[in-house]
Amino acid sequence: MEILNKEKILVIQTAFLGDAVLTLPMIQKLKEKFVDSYLLVLCIPSTKELFAASPFVDDCIVYDKRGQQKSFYNFIKMIEFLRSLKLTRVYSPHRSLRSSLISFFSKARYTVGFDIAGLSFLYKKKIRYINNHHEVARNLELISEDVSGERWRILPVIKINEDTEEKIKKVLNKTSGKQIAAIAPGSFWPTKIYPKEYFIEIVKYLINMNYFIVLVGGKDDENLCSEIENIFPSISISFAGRLNVIESVALLRKCSILISNDSAPTHLGMIADIPTLTIFCSTIPAFGFYPYNKKSECISYDLLDCKPCGIHGYNACPIKTFDCGVKLVPEKIFTKIKRMSLL
């Protein structure tokens, strides 16, 4: 393909799915700024599908940094390949030391990263990472966008083909025309997971409101979702581990509401642009990863000296109480759901 006379832009985002979704608005605006550019994304294998579905991305470079390409030798090969592209601009919302090195050694004439990134001095331009801004706004600031007021609330856009739409239509035949509520009860981090017994109460509440329940998540969430599905076999179905990212978004677009932990499904809900209620256990909305379309809300029990215990969460509660989840009783969730259903 002929790209010699174009700006050749690389966006480095080798984080997990949720962070990848929150990079899409920045990519969309970046392509607006440089309409004739050739825009590439350096990503991990699990997010290639998402970036490839963006109409603003020309190509993806997969970097399996935790798998087959984790060696220093493969890091050097990656650098050599990027240099061969003769990149003109590199933007790195990813804040790791490795991303800073990739940016620097790419030899692009213009490189931008956040001031809190590892080895941030290697960037030709550093942008202040503002803690109390939403991650979408922070990423937009990386490309010098005005994020004042509501300007930063840009929803991610992806392409969904007709085959995918038809597949989702078929798997939803069981819903019998009911409104559909999506439940995403899992997370990579255990201290972000709202108690299973509470999620069961939420499902009961939604069924009483005449919803059909779909349970969503990745392969790691299969057991949890199946346990909930088995309690309500005639009025729920688990898709955890059965759908790819694009299919999951297509499914969510058929739903009237999504209830999710502070995890990737929340951000997929923004692509689908559906009412999303995000439950924050060990983390807080102020970290900047809350649902941000106008139909959505979040909920968090904050009357705790120990909260937040970390930006990502832990494998277990550091003080062994998990009060951030336990004290956020289902009745508080019901109130939020009722309010959202009236909007």
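Details
- Segment 290-328 - residue that is under 30 Å from R153 (Cβ atoms) and among the aliphatic types (A, V, I, L, M) and, of those, nearest to the chain's Cα centre (by Cα): I311
- Restricting attention to segment 273-282 and to residues that are touching a strand residue (DSSP E or B) at 6+ places or on another chain (Cβ under 8 Å) and not in a strand (DSSP E or B), the residue that is nearest to P190 (Cα to Cα) turns out to be C281.
- If only residues of segment 106-150 that are in a loop (DSSP other than H, G, I, E, B) and closer than 19 Å to K33 by Cα are counted, the one that is farthest from the chain's Cα centre (by Cα) is R109.
- Residue match in segment 155-167 (condition: over 26 Å from S226 (Cβ atoms), modelled with pLDDT of 95 or more and buried (at least 19 other Cβ atoms within 10 Å of the Cβ)): yes
- The listed residues are F212, F188, and the only one of them that is surrounded by fewer than 24 Cβ atoms within 10 Å (Cβ to Cβ), on the phi < 0 side of the Ramachandran plot, at pLDDT 95 or above and not in a helix (DSSP H, G or I) turns out to be F212.
- Each residue in segment 59-89 was checked for being on the phi > 0 side of the Ramachandran plot and touching a Ser or Thr at 6+ places or on another chain (Cβ under 8 Å), and 0 of them qualify.
- Of the residues making up segment 221-241, those that are acidic (D, E) and modelled with pLDDT under 95 number 0.
- Scanning segment 30-38 finds one or more residues that are part of a helix (DSSP H, G or I), over 21 Å from the mean Cα position of the chain (by Cα), among the acidic types (D, E) and surrounded by fewer than 21 Cβ atoms within 10 Å (Cβ to Cβ).
- Residue check, S187 in the same structural domain as A286 (by TED's automatic domain parsing) and within 20 Å of F287 (Cα to Cα): yes
- Checked against the criterion of being hydroxyl-bearing (S, T, Y), out of contact with any His (no Cβ under 9 Å at 6 or more places or on another chain) and in a loop (DSSP other than H, G, I, E, B), the candidates S54, S103, S99, S46 yield just one match: S54.
- Count of segment 164-187 residues which are within 23 Å of the chain's Cα centre (by Cα) and within 15 Å of S238 (Cα to Cα): 8
- Filter pass, K77 being without any contact (Cβ under 8 Å) to a residue 60 or more places away in the chain, touching a strand residue (DSSP E or B) at 6+ places or on another chain (Cβ under 9 Å) and assigned to a helix (DSSP H, G or I): no
- Taking the criterion of being of a type in the set (F, W, Y) and either outside the structural domain of E32 (by TED's automatic domain parsing) or crowded, with 17+ Cβ neighbours inside 10 Å (or both), the residues of segment 42-74 that qualify are F51, F56, Y63.
- Unmet criterion (only one of (1) in a loop (DSSP other than H, G, I, E, B); (2) modelled with pLDDT of 95 or more) for R66: (2)
- First in segment 270-298 and outside the structural domain of P185 (by TED's automatic domain parsing), second anywhere and buried (at least 23 other Cβ atoms within 10 Å of the Cβ) and outside any loop (DSSP other than H, G, I, E, B), Cβ under 9 Å, 6 or more apart: none
- Residue selected from segment 75-108 under the condition surrounded by 13 or more Cβ atoms within 10 Å (Cβ to Cβ) and polar (S, T, N, Q), by the criterion nearest to E135 (Cα to Cα): S92
- Search result, residues across segment 299-343 that are without any contact (Cβ under 8 Å) to a residue 60 or more places away in the chain and of a type in the set (V, I, T): I299, I311, I319, T321, T335
- Scan segment 302-343 for residues that are modelled with pLDDT under 95 and of a type in the set (G, A, S) and the total you get is 3.
- Flag for D19 being among the acidic types (D, E) and part of a loop (DSSP other than H, G, I, E, B): no
- Within segment 294-314, considering residues that are assigned to a loop (DSSP other than H, G, I, E, B) and touching a Pro at 6+ places or on another chain (Cβ under 8 Å), the one farthest from K332 (Cα to Cα): Y314
The values are calculated or read from the model by the stated rules, or taken from the named source; none is laboratory data. Fair warning: this is a prediction, and the values are worked out from it, not measured in the lab. Note that each Cβ is placed from the backbone with ideal geometry, even for glycine, and that neighbours are counted across all protein chains shown.
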